[in-house]
């Protein structure tokens, strides 16, 4: 049934995803399980719409994982990563050591050779970053202590894959050539040097080279060229890392962390994100399609037993570790369940181990099936957590979340950091509020960065960029750009996508203010109103009016004018009616200010004791 | 502390929200000219939005020996800004409390104008309480800060003060009062025996304004 036609394949994959994923999501099973099931359905053991080329697709789709780590890196500033060093090294390291010791012991008891037992104990406990991060993010659990711990372990494993790859050939009965060396044809020390040079190159290049490049590209104002540059960066790093025999995912992760400091962070995130999600979906699809059900049906008891055994062993160990690190029971369970699935890297490592004669082909096949099926089962663990475990701890975990300080995203987003936005931002910063600033003019960003401002590049009227800036978690969005049409667009977009977000908009002129009032924006500030009013006060003072009176007059004026503004915004956009109303309102104002003056007269000169005085004079 | 024989340095904290409409206070404040030893601080003019510069106000206090609160008597108290000034400037650790000794030994004078006559401020009058009773928050504030609260300078019945020569008498009385305090010609021992500073001045023949003295002065000696 398989067709060589690319479009037909694309059609099959897309149809499967479009049908299955929404259903799965609706049933509360999450997107990952949807993709996996879709993969099984179209795979060799379902409708047989995809066959062997599924493996090639998977290889291509692994690029989605690479992109995902780039995005994960972008979300982690170096200082945040540094603060996480304890859980990464401590939890990750302990997890690996405990697994190796215990699992290889079990392997030896089962009569495996020590090499085989060691190889399995290294590979089987790895957990899929793709599934772990995706399920945690989808459920909004990434920032919980359990989620953070799970992420730390995944990060450690991503690094650990490299030494494992190097170690496997040494375990072989008759050692094959070192894989990395085979790729590059270099001696060991040259290889090491090359690795260090490449990683250093990514760090230095990301820090000093990429910013001017992105600035240059951004100045062209061509969106697709920026996209192309971002993709080029990820593809380039992937190629470079493959060339030196390192994990591309690790390379892009490092690049992501380096670029997390740059002003292009949010723009890069929103650019890469759609590619990443599609490829990751494709990756899950191909994992589903690649599960060898013949093998499973051949030895059902062994495989089911292995899955159950491994799952219980893994989660038991992780819960223990979580408790050791004082996560609390509920968070420890979350931590364990997020990591219960096998790792996509295991497919690569098992086949590599089989090639190096560390594992028999048959054993490798069984283990691959176990890993794939555990990936299929992992969303079920998360559902169990959601439905059964979390509700029991609801109060406890609430308290815990209140303690969590959101390191990454700020409660206030300021779009546009010119004359207007800067003043808002400076006041907020001076009061200890953290802000995320978006600005679309590269020259302005350059200037602001030189003054030590942390400003990100991007057109804030794009919804994906707002997402990347954390608008779904922010409290306030200050729209301080100077383009009146764009402001209205942003208001509409933000209202639609982030109903919980309070909007504060800059009104360019009176008509613009009417538009904003009609859209029920929470706070509207006419850009020149307050400063002009202040100057009016100063003028009155120079004319000899007492400053308190001038101040009060201005307050009265402001109050009246704002009322009038709302009044007139409610009226139809009929010019003559507006004119008449506006004339009427200014007459009203004059009257108010003058009667205010008379009231003052009473208030001050013939004050409350007037009555007393009248009585006395009777 | 000021040197011996030097004039007292006087700080007049003046609070009137609509001086442009004032008849009495405007003339009173004009009567005391700013000199080396007299500082006039117009609070409403200075802080139209009530944003009081506490540090600067405290420095002003330190640079003077006698603090005068001059204001019309609104709702048996001062206009709002003077309360705000007290709340902010008389800080713990500066004016009172632990180590709050910065103002000790200074003198405080309330210089107020009331619309009602003196007779209105007694048990039989419409205001029931006497001015001294109503001014007790100011008096106790001064005491807590270790300052001496002088008998107040009061101009009653401003509603009935229509004649220019009557007003001129009051103005002259105020000028004399401030000058006497500045030049240290006041008998500080005898002064507290009077209800009002006005009475002391009259009793000592420093002024001849009878406006406040329709009742025998001796009746007011506590």
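The values are calculated or read from the model by the stated rules, or taken from the named source; none is laboratory data. Bear in mind that the values here come from a model prediction, so they are computed numbers and not experimental data. Backbone-built Cβ (ideal geometry, glycine too); neighbour counts: all protein chains shown.
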Looking only at the range A:350-360, count every residue that is in a helix (DSSP H, G or I), surrounded by fewer than 24 Cβ atoms within 10 Å (Cβ to Cβ) and touching a residue at least 40 places away in the same chain (Cβ under 8 Å) and tell me the total. 2
Restricting to the range A:110-158, what's the tally of residues that are part of a loop (DSSP other than H, G, I, E, B) and either at negative phi or modelled with pLDDT of 80 or more (or both)? 14
The condition from (1) more than 16 Å from residue A:127 (Cβ to Cβ); (2) in a helix (DSSP H, G or I); (3) in contact (Cβ under 8 Å) with a residue 40 or more places away in the chain that residue A:317 misses is numbered (1)
Test: residue B:120 is within 12 Å of chain A (Cβ to nearest Cβ) and in contact with a helix residue (DSSP H, G or I) (Cβ under 9 Å, 6 or more places away or on another chain): yes
Kindly establish whether residue A:228 is in contact with a helix residue (DSSP H, G or I) (Cβ under 9 Å, 6 or more places away or on another chain), in a helix (DSSP H, G or I) and in contact (Cβ under 8 Å) with a residue 40 or more places away in the chain. no
Within the range A:438-496, residues more than 19 Å from residue A:223 (Cβ to Cβ), surrounded by fewer than 20 Cβ atoms within 10 Å (Cβ to Cβ) and within 17 Å of the chain's Cα centre (by Cα) come out as A:470, A:472, A:473, A:475
Could you pull out the residue among B:158, B:113 that is within 14 Å of another protein chain (Cβ to nearest Cβ), under 14 Å from residue B:68 (Cβ atoms) and in contact (Cβ under 8 Å) with a residue 12 or more places away in the chain? B:113
Suppose the filter is within 23 Å of residue A:79 (Cα to Cα) and not assigned by TED's automatic domain parsing to the domain that holds residue A:456; does residue A:255 pass it? yes
Can you confirm whether residue B:166 is within 14 Å of chain A (Cβ to nearest Cβ) and at pLDDT below 95? no
Residues satisfying the stated conditions in the range B:123-141, i.e. touching a strand residue (DSSP E or B) at 6+ places or on another chain (Cβ under 7 Å) and within 14 Å of another protein chain (Cβ to nearest Cβ): B:131
Number of positions in the range B:7-32 that are over 17 Å from residue B:45 (Cα atoms) and without any contact (Cβ under 8 Å) to a residue 40 or more places away in the chain: 0
If only one of A:46, A:73, A:28, A:93 is within 30 Å of residue A:266 (Cα to Cα) and either exposed (fewer than 15 other Cβ atoms within 10 Å of the Cβ) or not assigned by TED's automatic domain parsing to the domain that holds residue A:323 (or both), which one is it? A:28
Of (1) modelled with pLDDT of 95 or more; (2) under 28 Å from residue B:189 (Cβ atoms), residue B:81 satisfies all except one. Which? (2)
Could you please tell me which pairs satisfy a Cβ distance under 7 Å, a separation of 6+ or placement on different chains, a first residue in the range A:556-567 that is over 18 Å from residue A:516 (Cα atoms), and a second residue that is at pLDDT below 90? A:556/A:592; A:556/A:593; A:556/A:596; A:557/A:589; A:560/A:589; A:560/A:592
Among the numbered criteria (1) in contact (Cβ under 8 Å) with a residue 40 or more places away in the chain; (2) under 27 Å from residue A:254 (Cβ atoms), which single criterion is violated by residue A:85? (1)
Residue ranges of helices (runs of 4 or more DSSP H) in the range B:127-217 with at least 3 members farther than 27 Å from residue B:105 by Cα: B:164-183
Those residues of the range A:48-63 which are modelled with pLDDT under 80 and part of a helix (DSSP H, G or I), in sequence order: A:53, A:54, A:55, A:56, A:57, A:58, A:59, A:60, A:61, A:62
Determine if the range A:236-245 includes at least one residue that is assigned to a loop (DSSP other than H, G, I, E, B), in contact (Cβ under 8 Å) with a residue 24 or more places away in the chain and surrounded by 15 or more Cβ atoms within 10 Å (Cβ to Cβ). yes
